[in-house]
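Structure first, commentary second.
The values are calculated or read from the model by the stated rules, or taken from the named source; none is laboratory data. The structure presented is a predicted model; accordingly, all values stated were derived computationally and were not measured. Note: ideal-geometry Cβ built from the backbone for every residue, glycine included; neighbour counts use all protein chains shown. The area values use the complete protein model at the heavy-atom level, side chains included, leaving out ligands, DNA and RNA. Shrake-Rupley method; radii C 1.70, N 1.55, O 1.52, S 1.80 Å.
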Amino acid sequence: MEKQSAFNIHPMDQFIIDPILTGESLEWYSFTNQALWMLISLVSISFVFIYGSRKHQLVPGRLQSIAELLYFFIRDMIIDIAGQEGLRYFPYIFTLFILILFGNVLGLLPYSFTYTSHIAVTGFLALSVFIAVTIIGFVKNGLRFLNLFWISSAPLTLRPILLIIEVISYFVRPVSHSIRLAGNMMAGHAVIKVFAGFAGALGLGAIAPIFAITAVYGLEMLVVVIQAYVFTILTCVYLNDALHPGH
Amino acid sequence: MASTSDNSAVGMPQLDFSTFPNQIFWLVVFCVVLFAIVKLFIIPRMEDIFANRRKIIDGNIAKAEEIRLRVSEIEKLIEEELQKAKSQCDEIMNTSGNNIKEQMALALEDSKIATAQLINEAEGRLKELRDGSEAAIEKMSEELASEIINRISKGR
């Protein structure tokens, strides 16, 4: 399909949702390449967390170290940001984190599919965080949750203006939360693909594009972890707002 | 917008809303499964490992604390013993010093008496000797005189 001309680069092709089992038509239940990679990340997570630490070692081995590192990293993060009450929501946040982290990292494998590069996925996750946090805020604090928007430390004349700003920023949260992750993933993968296209066009002399791919790939290794971290830490921050409103 | 078959993408496949129900369906399925795995396997396991480690570390710390206490107790005992021994030693030193002084004084007295006695004795003997020698000289000179007289009278 890329044989029409030498410079026929399709950086976005890697994001196409492809029903790999049922063939042509995409129904809501069709098993797609995206679902396959979610399954692979599920298996990888089980491998690291269940197989890797099956021995319950006192002094952890390699896999168990990774599992413990991730687990206590998120645990400590929640305690740091949202306090001890935040620990109640640890299973949800941890699920979110490893789902995104493994999706991002596995997406760096050649020929893989990055499900976190899809706005539908990140948007759904961000929206569920948004809705959950809003519900928690109202359930825990009742109408005092609205203090989040009424900044009592600001001068009275400024408060209505700040109210508008705060309300807008509150409702923009799921948008920025999801687009930040999906955008980062998509951009990195598209850039790699573009350079790969150059390399394909140049053939054997493609030293510069391959060097660029290597560099971008190294950068992406950082970005995938950082974005998973950012998504999770923002979730914690929003949770903290819900648990302790009022600045 | 984007195709679902083997054609290349037009624009961004991410914005192909016809794929959204499918994506969200599978996402929800895997989220639920993953949450179950986290809740049922990962968290109990990690907490178990952590609790075990905590227990062992706490046990070791408690044991170390116990040992430390005992060591300080023993140290105190040693200190006490040392103090006791020191005072005892001081006492012994004091008493023995006094004893020695007393004995020395006694011995000095004794020796003074003994020397005085010896001197007396020696003086007595010296006197005796002197007297003895005077008598002997007298006797000898008498003998010598009579001998001389004998010789002289014989020679004539």
For this session: Please report Rg over Rh for the range B:1-100, where both radii come from the alpha carbon positions and Rh follows the Kirkwood definition.
Result: 1.77
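What number, in percent, do you get for the relative contact order of the range A:70-228 if the mean sequence gap of Cα pairs under 8 Å and at least 6 apart is divided by its residue count? Provide the component values of the computation, followed by the final result.
Values: 121 pairs, mean separation 40.2, N = 159.
Relative contact order, the range A:70-228: 25 percent.
Using only the Cα atoms of chain A, build the gyration tensor, take square roots of its eigenvalues as a ≥ b ≥ c, and label the shape rounded, prolate or oblate: rounded if a/c is under 1.5, else prolate if a/b is larger than b/c, else oblate.
Since a/c reaches 1.5 and a/b is larger than b/c, the shape of chain A is classed as prolate.
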Seminar exercise, completed: With Cα coordinates, the longest principal axis of chain B makes an angle with the long axis of helix B:43-155, in degrees rounded to 10, of 10 degrees
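Sort B:61, A:100, B:24 by heavy-atom solvent-accessible area, probe 1.4 angstrom, most to least. Could the numbers behind the result be given before it?
Working: B:61 100, A:100 0, B:24 55 Å².
Per-residue accessible area, sorted high to low, gives B:61, B:24, A:100.
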Problem set entry | Euclidean distance between Cα centres, the range A:111-159 to the range A:193-235, Å | 31 Å
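Heavy atoms only, probe 1.4 angstrom, no DNA, RNA or ligands counted: give me A:178, A:128 ranked by accessible area, highest first.
Correct descending sequence by accessible area is A:128, A:178.
Could you look at chain B and say what percent of its accessible area is carbon and sulfur, using a 1.4 Å probe and all protein chains? It would help to have the intermediate numbers written out before the result.
Working: 7780 of 12490 Å².
C and S fraction of accessible area: 62 percent.
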Problem set entry | Folded to 0 to 90 degrees: helix A:33-46 orientation relative to chain A principal axis, Cα | 70 degrees
Problem set entry | Accessible surface ranking that places the most exposed of A:102, A:195, A:15 first, with a 1.4 angstrom probe | A:195, A:102, A:15
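Stretched out fully, how many nm does the piece from residue B:61 to residue B:142 gain, at 0.36 nm a residue minus the Cα gap? Working shown, then result.
Numbers: separation 81, 0.36 × 81 = 29.16 nm, distance 11.52 nm.
So the chain would gain 17.6 nm between residue B:61 and residue B:142.
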Exercise. If each of residue B:120 and residue B:92 carries a label point 7 Å out from its Cα toward its Cβ, how far apart are those two points in nm?
Worked result: 4.3 nm
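Can you tell me the length gained on complete extension of the stretch residue A:27 to residue A:168, counting 0.36 nm per residue apart and subtracting the Cα distance?
Working: separation 141, 0.36 × 141 = 50.76 nm, distance 3.59 nm.
Taking residue A:27 through residue A:168 to full extension adds about 47.2 nm, to one decimal.
Would you mind working out the accessible area per residue for the range B:19-149, using a 1.4 Å probe, and quoting it in Å²?
On the way: 10580 Å² over 131 residues.
Value returned for the range B:19-149: 81 Å² of accessible area per residue.
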For this session: With all protein chains present, calculate the accessible area of residue B:140 using a 1.4 Å probe and round the result to the nearest 10 Å².
Result: 120 Å²
For this session: May I ask for the angle, rounded to the nearest 10°, between helix A:90-106 and the longest principal axis of chain A, with both axes built from Cα atoms and the value confined to 0 to 90°?
Result: 20 degrees
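Which value at 222 nm does the protein assembly as shown reach when only helices count, each DSSP H run of 4 or more adding -39,500 (n - 2.57), with the total divided by all residues and rounded to the nearest 500 deg cm²/dmol?
Working: 8 runs with 287 residues, N = 403.
Helices in the protein assembly as shown give a 222 nm mean residue ellipticity of -26000 deg cm²/dmol.
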